[in-house]
1. Quick check on this structure: which one of Phe96, Phe70, Phe105 is within 15 Å of Ser216 (Cβ to Cβ), hydrophobic (A, V, I, L, M, F, W, C), touching a helix residue (DSSP H, G or I) at 6+ places or on another chain (Cβ under 7 Å) and open to solvent by 60 Å² or more (accessible area, probe 1.4 Å)?
2. When you scan the stretch 142-156, how many residues do you find that are closer than 25 Å to Arg201 by Cα and open to solvent by less than 50 Å² (accessible area, probe 1.4 Å)?
3. Quick check on Leu58: is it hydrophobic (A, V, I, L, M, F, W, C), buried (at least 17 other Cβ atoms within 10 Å of the Cβ) and not in a helix (DSSP H, G or I)?
4. For the stretch 128-165, how many residues meet the condition of being closer than 21 Å to Asp179 by Cα and of a type in the set (A, V, I, L, M, F, W, C)?
5. Any residue at all in the stretch 226-239 that's within 28 Å of Val123 (Cα to Cα) and either aliphatic (A, V, I, L, M) or without any contact (Cβ under 8 Å) to a residue 24 or more places away in the chain (or both)?
6. Please go through (1) touching a residue at least 12 places away in the same chain (Cβ under 8 Å); (2) part of a helix (DSSP H, G or I); (3) open to solvent by 40 Å² or more (accessible area, probe 1.4 Å) for Val63 and return the number of the only condition it doesn't satisfy.
7. Can you run down the residue pairs with Cβ atoms below 7 Å, 6 or more apart or on separate chains, where the first is in the stretch 194-220 and touching a residue at least 40 places away in the same chain (Cβ under 8 Å) and the partner is of a type in the set (S, T, N, Q) and assigned to a helix (DSSP H, G or I)?
8. Return the residue satisfying two criteria in turn: it lies in the stretch 186-230 and is over 18 Å from Leu94 (Cβ atoms) and not aliphatic (A, V, I, L, M), and of such residues it is most open to solvent (accessible area, probe 1.4 Å).
Amino acid sequence: MIRLRGESPLRCRPPDTQARAGSLLPRSSLLLGYTLGLIGVVIFGATLPVTRLAVETLDPWFVTASRAMFAGLLAAAILIVLRRPFPRRHLRLLVFVAILIVLGFPAPMALAMTLVPAAHGGVVLGILPLATAAAATLVAGERPSRAFWIWGALGAAIVIVFALRDAAPGGGLAFEFGDLLLLGSVACAAFGYSCSAVLARSMPGWEVISWVVVLSLPFSALATWALWPPNAGSVPLDSW
């Protein structure tokens, strides 16, 4: 469980119930979950290449702020149209998630894309699923199987070795500052996703991320205005 000051702890199900959760879900729910997960993976896979394209002519901090601002505007419109009540009792945890996901994940990633290729960054971010599972055991009380940890650790080891070899010009092992930024991004995303999962036990998942970007909107809008490129007219359309 996770507990912040002023919040009631959200208790998770007993471990034995969690282990059997997949078998208790209807087939249609499992199919929908896997489909949404696949769509999320595809979208996530495009994040690094398009960020790399954007930061070629735009400031990484501007890219971080503006993407959050546009997301916040869209989410605010949806929440207003659907008349969703403000989740006051989850405010502190929502703010914590916002710091991790709206700032902690995209900012280091955008900065890293100025230092390493998108393909290299994509491989490093390949350890995010394992990191999220590890964070989920601490935050959400989940208990993945032993086989999951074995295969996950093996995959993470392959990713790390590849990243180190890919960064070394002579074929040895090297660790770049961009890799540190990406690892920081991974850590923020892992804990941000896990805390979002805790919140998703009390409200729909789409509403969780919507409130996260809406709460960030005053800051992201102000940062977008302050960091607006002075040469905006000459920025290529591809970057926009």
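1. Working: Phe70 fails: touching a helix residue (DSSP H, G or I) at 6+ places or on another chain (Cβ under 7 Å); Phe105 fails: open to solvent by 60 Å² or more (accessible area, probe 1.4 Å).
The conditions single out Phe96.
2. Total meeting the criteria: 1.
3. The answer is yes for Leu58.
4. So in the stretch 128-165, the residues closer than 21 Å to Asp179 by Cα come out as 128-135, 152-165.
Pick out the ones that are also of a type in the set (A, V, I, L, M, F, W, C) and you get 128, 130-131, 133-135, 153-154, 156-164.
Final tally of qualifying residues: 17.
5. Looking for residues that are within 28 Å of Val123 (Cα to Cα) and either aliphatic (A, V, I, L, M) or without any contact (Cβ under 8 Å) to a residue 24 or more places away in the chain (or both), one finds at least one in the stretch 226-239, hence yes.
6. (3)
7. Final answer for the pair search is Ser194/Thr132; Val208/Ser196; Ile209/Ser196.
8. Residue satisfying both the conditions and the ranking: Trp225.
The values are calculated or read from the model by the stated rules, or taken from the named source; none is laboratory data. Model, not experiment: these values are computed from the prediction. A quick note on method: Cβ atoms are made from the backbone with ideal geometry, for glycine too, and the neighbour counts reach across all protein chains shown. What goes into the accessible areas is simple: the full protein's heavy atoms, side chains included, and nothing from ligands, DNA or RNA. Shrake-Rupley method; radii C 1.70, N 1.55, O 1.52, S 1.80 Å.
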